[in-house]
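The values are calculated or read from the model by the stated rules, or taken from the named source; none is laboratory data. As the structure is a computational prediction, the values presented were derived from the model and not from experiment. All Cβ positions, glycine included, derive from the backbone under ideal geometry; neighbour counts span all protein chains shown. For the accessible areas, the whole protein counts, side chains as well, though only heavy atoms, and no ligand, DNA or RNA atoms are used. Shrake-Rupley method; radii C 1.70, N 1.55, O 1.52, S 1.80 Å.
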Amino acid sequence: MSEQLAPGTQDRTATLLGWAIFVTFAILFLNIVTLPRTPLGERDSLQLWHDSLGWVVGILCWVRLYWFVKGPKPQPPAGMSEDSFAFSRAILFMLVLVFALEFLIGIFYAWGEGRQVHFFGAIFPQLADTTEDLRKMTGYPHSALAFYYLMLFTIWLVLGFWQNRKYKSGWRRLFPGEKV
Ligand code: HEM
């Protein structure tokens, strides 16, 4: 798509998707922090919200990945090198990809644990048998990827800090919005 964007800006679709992912993931993150600290057997409503928000974050992220490929390409902010800008775009792409994968892995993890997958009160039909292998094969990556996206967040902030010092590119671009 050839829409010409001003340097350091992105299109409206990318901006809206960015805000939607940021807000829904922030709520899911509160759930993620609480879930493992809640005794088994007392997790029903937390699991319902985990899955339901997980669906929203997951689907938004797959749409965002499609728009990364098909949407208009943002240009670096004035003065920033192509390479430095490409690095921050790559981190953002990986962050969205990890969330999108966590969603798919989570569904199979729930089935591996022998629990139903919720969608705001509706139950998603079980498409894979509950086995110990499935639980192990999906449970570890579902937990481990949480540490990976925390690392990506950290690199995103440190790189943003460095780019602001070197290119005076500002802080606003580290948060959802038109600036990138
Ligand atoms: C429909 C989507 C999802 C399903 C069915 C799902 C399923 C699960 C299950 C079964 C657990 C184990 C805790 C429990 O239920 O008692 C869990 C924990 C967790 N989930 Fe999900 N999940 C989903 C989406 C997501 C998403 C989108 C993310 C992150 C972007 C995520 C990150 C986590 C984390 C970090 C934990 C805690 C892991 C731990 O401490 O062991 N989940 N999820």
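Side notes on the structure shown:
- Options 79, 71; residue that is at positive phi, in contact (Cβ under 8 Å) with a residue 24 or more places away in the chain and away from the ligand (no atom under 12 Å from the Cβ): 79
- Residue count for region 12-39, restricted to those that are more than 10 Å from the ligand (Cβ to nearest atom), free of Cβ contacts under 8 Å to residues at least 24 places away in the same chain and of a type in the set (A, V, I, L, M, F, W, C): 4.
- Test: residue in region 98-117 that is more than 14 Å from the chain's Cα centre (by Cα) and under 26 Å from residue 16 (Cβ atoms): yes
- Residue 107 vs. criteria touching a strand residue (DSSP E or B) at 6+ places or on another chain (Cβ under 7 Å) and part of a helix (DSSP H, G or I): yes
- The listed residue being aliphatic (A, V, I, L, M), under 20 Å from residue 163 (Cβ atoms) and surrounded by 13 or more Cβ atoms within 10 Å (Cβ to Cβ), out of 6, 20, 14: 14
- Residue, least open to solvent (accessible area, probe 1.4 Å), within region 144-180, restricted to residues that are closer than 30 Å to residue 112 by Cα and free of Cβ contacts under 8 Å to residues at least 24 places away in the same chain: 144
- Pair list, Cβ < 7 Å and 6+ apart or interchain, from region 119-132 residues that are over 14 Å from residue 106 (Cα atoms) to residues that are assigned to a loop (DSSP other than H, G, I, E, B): 123/116
- Restricting attention to region 98-131, the residues that are near the ligand (Cβ under 8 Å from one of its atoms), of a type in the set (Ser, Thr, Tyr) and surrounded by fewer than 17 Cβ atoms within 10 Å (Cβ to Cβ) total 0.
- Unmet requirement for residue 78, which otherwise passes all of (1) closer than 20 Å to residue 173 by Cα; (2) open to solvent by 30 Å² or more (accessible area, probe 1.4 Å); (3) small (Gly, Ala, Ser); (4) assigned to a helix (DSSP H, G or I): (4)
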